[in-house]
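Contents: one structure, followed by commentary.
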Amino acid sequence: QVQLVESGGRLVQAGGSLRLSCAASGGPFSNYYMGWFRQAPGKEREFVAVISRYGKSTNHAGSVRGRFTISRDNAKNTVYLQMNSLKPEDTAVYYCAAANNWVTTATLYDYWGQGTQVTVSS
């Protein structure tokens with residue numbers, strides 16, 4: 001059983017930057033592919049980014065590509081999402097998740113954090 005706890009979400013102005021963190025415990029962190037998802041009011045949970053077990057490979061959704069960067073530090077059991085050039089449409093609850101395979105579908109992830117709110121104002 002893996003526990004995931006996100007942090008770093010807050011209110012920021014459009015064009016600003018923010019770094020989210022997800023701390024993992026209770027399992028072998030490096031065994032997991034780690035993903036970030038987000039969910040805005042009235043919308044389905046949306047894939048944001050995924051990173052392989054040792055950080056060799058990443059994939060970012062087209063809506064965030066070039067602005068967001070996923071990374072991980074296995075020594076700290078932590079995955080990050082660096083968000084730059086934030087837009088109001090990035091406003092959502094952001095979730096960290098762990099999976100045993102390279103997947104981008106929310107239902108295929110095994111463990112989830114509680115989420116952290118990111119609000120981008122104009």
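Determine which member of the set Thr91, Thr116 is open to solvent by less than 60 Å² (accessible area, probe 1.4 Å), touching a residue at least 24 places away in the same chain (Cβ under 8 Å) and either within 12 Å of the chain's Cα centre (by Cα) or under 14 Å from Trp36 (Cβ atoms) (or both). Exactly one of Thr91, Thr116 is open to solvent by less than 60 Å² (accessible area, probe 1.4 Å), touching a residue at least 24 places away in the same chain (Cβ under 8 Å) and either within 12 Å of the chain's Cα centre (by Cα) or under 14 Å from Trp36 (Cβ atoms) (or both), namely Thr116. Here is a list: Tyr80, Tyr33, Tyr54. Which entry is over 15 Å from Ala97 (Cβ atoms) and among the aromatic types (Phe, Trp, Tyr)? Every option except Tyr54 fails the conditions.
Results for (1) under 20 Å from Gly26 (Cβ atoms); (2) touching a strand residue (DSSP E or B) at 6+ places or on another chain (Cβ under 9 Å), shown as yes or no for each residue.
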position: Ala61; (1), (2): no, yes
position: Phe68; (1), (2): no, yes
position: Asp73; (1), (2): yes, yes
position: Tyr94; (1), (2): no, yes
position: Ala97; (1), (2): yes, yes
position: Thr104; (1), (2): no, yes
position: Thr107; (1), (2): no, no
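For region 17-36, the tally of residues that are within 17 Å of Leu86 (Cβ to Cβ) and surrounded by 14 or more Cβ atoms within 10 Å (Cβ to Cβ) stands at 4. Inspect region 20-33 for any residue being in contact with an Asp or Glu (Cβ under 6 Å, 6 or more places away or on another chain) and farther than 24 Å from Ser122 by Cα and give the result as yes or no. Checked region 20-33: at least one residue is in contact with an Asp or Glu (Cβ under 6 Å, 6 or more places away or on another chain) and farther than 24 Å from Ser122 by Cα.
Taken as a whole, the condition of being of a type outside the set (S, T, N, Q), touching a Leu at 6+ places or on another chain (Cβ under 8 Å) and free of Cβ contacts under 8 Å to residues at least 60 places away in the same chain applies to Val48.
In region 37-67, the residue that is most open to solvent (accessible area, probe 1.4 Å) out of those that are closer than 21 Å to Gln114 by Cβ, among the charged types (D, E, K, R) and not in a loop (DSSP other than H, G, I, E, B) is Glu46.
Note on region 96-113: among residues that are surrounded by 16 or more Cβ atoms within 10 Å (Cβ to Cβ) and of a type in the set (Phe, Trp, Tyr), the one that is nearest to Leu20 (Cα to Cα) is Trp112.
The values are calculated or read from the model by the stated rules, or taken from the named source; none is laboratory data. As the structure is a computational prediction, the values presented were derived from the model and not from experiment. Reconstructed Cβ throughout: ideal geometry from the backbone, glycine too, with neighbour counts over all protein chains shown. With ligands, DNA and RNA removed, areas are computed over all heavy atoms of the protein, side chains included. Shrake-Rupley method; radii C 1.70, N 1.55, O 1.52, S 1.80 Å.
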